[in-house]
Amino acid sequence: MQVPLWLALLAVGYLGVKLIRPPWWLIAVLLLGGFLIADSVLAPVIDNAVK
């Protein structure tokens, strides 16, 4: 069974927010930071580090 990445991330994010209950500003910083880094010059470096 193959699960789309967006569905897996949605499920993990939902469970993380429900179980850990982080502050709303931390969620916003992580989402915005990830979005900005993914579109920056650091994206290839992070991609190589993850692989």
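The values are calculated or read from the model by the stated rules, or taken from the named source; none is laboratory data. All figures in this text were calculated on a predicted structure; none of them were measured in a lab. For accessibility, only protein heavy atoms count, side chains too; no ligands or nucleic acids. Shrake-Rupley method; radii C 1.70, N 1.55, O 1.52, S 1.80 Å.
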Whole-Hz ³J(HN,Hα) from phi, Karplus 6.51 cos²θ - 1.76 cosθ + 1.60, for the stretch 10-27, glycine and proline x: 5, 5, 5, x, 5, 5, x, 5, 5, 8, 8, 6, x, x, 4, 5, 5, 5
Table column - 3J(HN,Hα) (Hz), the stretch 3-8, Karplus curve with 6.51, -1.76, 1.60, x for Gly and Pro: 10, x, 4, 5, 6, 5
Accessible area in the full protein assembly, largest first, 1.4 Å probe, for V41, V3, V12: V41, V12, V3
Listed candidates [x] 1.22; [y] 1.05; [z] 0.92 - label of the one calculated as Rg/Rh (Cα atoms, Kirkwood Rh): [y]
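Give me the 1.4 Å probe accessible area per residue for the chain, excluding ligands and nucleic acids, in Å².
Value for the chain: 97 Å² per residue.
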Calculated from backbone phi, Karplus (6.51, -1.76, 1.60) coupling profile of the stretch 33-44 in Hz, x at Gly/Pro: x, x, 5, 6, 5, 5, 10, 10, 6, 7, 4, x
In Å², nearest 10: area of L36 left accessible to a 1.4 Å probe: 100
